[in-house]
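What follows is a set of notes on a single structure, which appears directly below.
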Amino acid sequence: MRISTQMLYQQSNTDLTNMQGDILKLTQQVSAGQTVLVPSDDPVASARALDVTQSQSLNSQYKTNRQNANSALTTVQSTLTSFSNMLVKLKSDVITAGNASYSNNERSDLASEIKGNLNEVLGYANAQDGTGDYLFAGFKSSTQPFTQDGTGGVTYNGDQGVMTLQVDSTRQMAISASGQQIFQGNGQDIFKTMSNMINTLSIPVTEAANNADVTAADNFQYPANSSPATYPIAAYKTAQAQLDALDPSDPTYAAKFTQVAALKLQSDAADAARTPVPGSQAALTRNLAAFNTQIDAMIGNVTTAQASIGARQNELDSLDAAGEVKNENYTATINDLLGRNTSDVSSLISDLTLKQTYLSAAQKVFVTTSSLSLLNYLK
């Protein structure tokens, strides 16, 4: 086989071109920091890396959703904390107003203060988030949930829907709370209770009403329409007075004590069944006791809601930690598939250096070979 000068030039040119192409590819890979630049470099790895990248993007979106969920829950929690503090303040007001030394003017001033508190609670119930949506309106987030009617009552205009966000692949989390359940739930209505408190504290306690109530209590028949007619409150008072007049050493004392104890139970039942005269201390005490019970129930509602929100926030923290682990695993898998690891890049740099050395040597050989001629031997 004859090797012509033309063939020598063509073969050398092809080899040099291929080497330069390899060097260019290696340079691009080193610059990109990965071995797989296009799907044709490794179709299987590229397809798998695309799937993992999509999973990582979803994981990033879940992280964003968790941040939004936590922000929404924090806003709700903050509002509930303010409302809870108000309930504690109202409970303190109830205890204060029940003090017999408190004057009618002081109770009237307290009623005026509670009027302002009522507007404050209405503000909590109509709280909005950073985007202007109402926190406690359910799905009707653009509708003001609580409005006062012409009679001073408060009407709920929202629904029972609960806003949710997808915070993980298998978890949808509620990011709101039921406004009606919190402010008007379990048979309790904070707006009605506060209005009743204002009305009760605005009614002055008078001696005339107290005397009328004592007379009404003594003449209260219990059970109703009993025959013969019984008046347990008056009977208890009479028996207690008789007991107080006896010396403990009296042989009839023990029997009278037993009688008084039985009458006390009947008297308490009768007193609970009757309605005290408005404006009497008994009416005030009865109403304040009812308010105290209602406020305790409302505090229970709020505490339950706060505990639920706190549990969800703790869950978000756990999901965030798990999401970070997933993200690290996704990144490691993609690096392995696309050759982004330090060892892969080091190998690319070594190959590039070697190829450049080969190219330099080949160029020198080509220059030397191409300059040969038979005329060199004639010199």
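The values are calculated or read from the model by the stated rules, or taken from the named source; none is laboratory data. Quantities reported herein were computed from a predicted structural model and do not represent experimental measurements. Reconstructed Cβ throughout: ideal geometry from the backbone, glycine too, with neighbour counts over all protein chains shown. Only protein heavy atoms, including side chains, enter the accessible area calculation; ligands, DNA and RNA are left aside. Shrake-Rupley method; radii C 1.70, N 1.55, O 1.52, S 1.80 Å.
At-a-glance table
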read-out	value
Condition check for Ala234: open to solvent by 60 Å² or more (accessible area, probe 1.4 Å), hydrophobic (A, V, I, L, M, F, W, C) and part of a helix (DSSP H, G or I)	no
Pick from region 65-82, criterion open to solvent by 40 Å² or more (accessible area, probe 1.4 Å), in contact with a Leu (Cβ under 9 Å, 6 or more places away or on another chain) and in contact (Cβ under 8 Å) with a residue 60 or more places away in the chain, ranking: farthest from Gly130 (Cα to Cα)	Asn70
Thr151, sole failed condition from (1) touching a residue at least 12 places away in the same chain (Cβ under 8 Å); (2) more than 17 Å from Asn126 (Cβ to Cβ)	(1)
Single match in Val302, Val345 (criterion: among the hydrophobic types (A, V, I, L, M, F, W, C), within 30 Å of Ser40 (Cβ to Cβ), in a helix (DSSP H, G or I) and at pLDDT below 95)	Val345
Residue check for Ala283: surrounded by fewer than 15 Cβ atoms within 10 Å (Cβ to Cβ) and of a type in the set (A, V, I, L, M, F, W, C)	no
Residue that is modelled with the lowest pLDDT [pool: residues in region 117-142 that are of a type in the set (S, T, N, Q) and touching a strand residue (DSSP E or B) at 6+ places or on another chain (Cβ under 7 Å)]	Ser141
Spans of strands (runs of 3 or more DSSP E) in region 83-187 with at least 3 residues open to solvent by 40 Å² or more (accessible area, probe 1.4 Å)	164-168
Those residues of region 47-64 which are open to solvent by less than 60 Å² (accessible area, probe 1.4 Å), more than 26 Å from Met173 (Cβ to Cβ) and either touching a residue at least 40 places away in the same chain (Cβ under 8 Å) or not in a helix (DSSP H, G or I) (or both), in sequence order	Ala49
Unique match (being hydrophobic (A, V, I, L, M, F, W, C), surrounded by fewer than 14 Cβ atoms within 10 Å (Cβ to Cβ) and within 21 Å of Arg107 (Cα to Cα)) among Ala224, Ala208, Ala229	Ala208
Residue within region 117-124 that is in contact (Cβ under 8 Å) with a residue 40 or more places away in the chain and of a type in the set (Phe, Trp, Tyr) present	yes
Filter pass, Leu337 being touching a strand residue (DSSP E or B) at 6+ places or on another chain (Cβ under 7 Å) and either in contact (Cβ under 8 Å) with a residue 24 or more places away in the chain or in a helix (DSSP H, G or I) (or both)	no
Residue that is nearest to the chain's Cα centre (by Cα), among those in region 18-54 that are under 18 Å from Ile334 (Cα atoms) and among the polar types (S, T, N, Q)	Gln54
Filter pass, Phe291 being touching a helix residue (DSSP H, G or I) at 6+ places or on another chain (Cβ under 7 Å), surrounded by fewer than 17 Cβ atoms within 10 Å (Cβ to Cβ) and not in a loop (DSSP other than H, G, I, E, B)	no
Qualifying residues in region 242-268 (those that are open to solvent by 40 Å² or more (accessible area, probe 1.4 Å) and among the small types (Gly, Ala, Ser)) - the one nearest to Thr96 (Cα to Cα)	Ala261
Failed condition for Val277, given (1) assigned to a helix (DSSP H, G or I); (2) of a type outside the set (D, E, K, R); (3) buried (at least 19 other Cβ atoms within 10 Å of the Cβ)	(1)
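The rows are residues; the columns are (1) within 30 Å of Ala111 (Cα to Cα); (2) hydroxyl-bearing (Ser, Thr, Tyr).
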site: Ala137; (1), (2): yes, no
site: Thr143; (1), (2): no, yes
site: Phe146; (1), (2): yes, no
site: Thr151; (1), (2): yes, yes
site: Tyr156; (1), (2): yes, yes
site: Arg171; (1), (2): no, no
site: Gln180; (1), (2): yes, no
site: Ile190; (1), (2): yes, no
site: Met197; (1), (2): yes, no
